[in-house]
Amino acid sequence: MEPLRILVVDDSLITVKKLAGMLASLGHRVAMTAATGKEALSAYKSCNPDLVTMDITMPDMDGIEATREIRKMFPSARIIMVTSHGQEAMVLDALKAGARGYVIKPFEKDKLEAAIKNAMKLSVRQDKLQEVIEKKTSAQDESAQEPAESSTEPNESAQDGETS
């Protein structure tokens, strides 16, 4: 996997440092850090990262709302939630908001790496699916704009007294 530029969002400096060290050891680079959801929105716009690690519980704006807002502005954003034990129920809300995966604190390097790889694979699949959808939608729009053939012949089934 190519090195990724990653935005790390967490209000705990200890977690940010631990994540930064693990990401560096995996060959990735921390592009920026943010301590709140609102800071995450601004940082994402500034650095356009390949991936975001997002804490769920933060002051100002939580990670779920920040994920939702980032995905509204940048639909292809790849976000992995970072959560503590006991917050697993919130992970479902985060996934519904657009997160592509999660890791539970205290996390291990191999689990972080697996979450990153899965998020990137899922993203590629979703991008390809989006291309197919856009092509089909475009083709349908074009065919809808073409005039329909009109027939002056009466419908045969209507002649037999049947209705359609």
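Would you confirm whether or not the range 29-43 contains a residue that is surrounded by fewer than 22 Cβ atoms within 10 Å (Cβ to Cβ) and at positive phi?
no
Does the range 17-38 contain at least one residue that is among the charged types (D, E, K, R) and within 18 Å of the chain's Cα centre (by Cα)?
yes
Among all residue pairs at least 6 apart or on different chains, which show Cβ distances below 7 Å where the first residue, located in the range 88-106, is in a helix (DSSP H, G or I) and the second is β-branched (Val, Ile, Thr) and modelled with pLDDT of 90 or more?
Close Cβ pairs satisfying both conditions: Met90/Ile56; Met90/Ile64; Asp93/Ile64; Ala94/Ile56; Ala94/Ile64; Ala94/Thr67; Ala97/Ile64; Ala97/Thr67.
Residue-wise test of (1) modelled with pLDDT of 95 or more; (2) outside any strand (DSSP E or B).
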site	(1), (2)
Lys17	yes, yes
Ala31	yes, no
Ser42	yes, yes
Thr53	yes, no
Pro59	no, yes
Ala66	yes, yes
Lys117	no, yes
Arg125	no, yes
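The values are calculated or read from the model by the stated rules, or taken from the named source; none is laboratory data. Fair warning: this is a prediction, and the values are worked out from it, not measured in the lab. Note that each Cβ is placed from the backbone with ideal geometry, even for glycine, and that neighbours are counted across all protein chains shown.
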